[in-house]
Structure formats: C-alpha cells, structure tokens
Amino acid sequence: MAVILFTMRTTISLDDRLDRQVRREAAARGMSVSAFIARTLDDALKQRVRTEPAPPFRLVTVRARLRPGVDLDRPRALEAGDDESRFGRG
C-alpha cells in the first residue's frame, strides 16, 4: 500500500531578523527552509496538544468496614502490626 502525501504551497512573511535565524538554523540542521519551518510548526502544535488538561480523574471507592484500631492516617503502623502478627515481636 502506497502512502500519498499532499503538500500545499504557502507564502509567509518574516521580518529580517527571524528570516536570518530560520535560514541559519535550517542550514545547521542540513534542512531546507521549508522543511525546517514545517517541522518546527508540527512540533509546536504537538506540544500544544500535550498541554491540554487531562480528563478529570474519578476515584471509585468500595464500601468496607475497617478493623478496630486501624488508623488510615498511619498506614505504616498497619504494616508494622501485620509484621508483628506474622513474625512475632522484634
């Protein structure tokens, strides 16, 4: 299957300073001015897409009963209690 790419010719106006920068950067990368501008615009548009906010996160919870003495603000204490019951006091 062959991929056919279509390109459109477009004229843009650049001030002298920007024109010199674009030509210098394109030459340094071994690219034509047209290819450099196209790649730069493509990269800029991709970055814009990446910065759009992610969809809201929805936390799904399950109703459960806690064991007596479990303090969810101290999760390490729960692990320590499990270790003590499994391996005995240190």
| said: If I model a spin label at MET31 and ALA80 as a point 7 Å from the Cα along the Cα→Cβ vector, what separation in nanometres do I get? | reply: 5.8
| Calculated FRET efficiency for the pair ASP16/ASP42, C-beta based, R₀ 25 Å, to 0.05 | 0.50
| note | Which of (1) 62, 19, 15; (2) 56, 30, 9; (3) 24, 19, 12 gives semi-axes √(5λ) of the Cα gyration tensor in Å as computed here? It is (1)
| query | Which residue fluctuates the most in the chain, going by a Gaussian network model with Cα springs under 10 Å, if the choices are ASP71, ASP16, ASP42? | reply | ASP71
| At 222 nm, what helix-only mean residue ellipticity would the chain give, in deg cm²/dmol to the nearest 500, using -39500 (n - 2.57) for each DSSP H run of four or more? | -16000 deg cm²/dmol
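No value in this document is a laboratory result; all are computed from the given coordinates. These numbers come from a predicted model, not from an experiment. Positions of Cβ are generated from backbone atoms using ideal geometry, with glycine treated the same way; all protein chains shown enter the neighbour counts.
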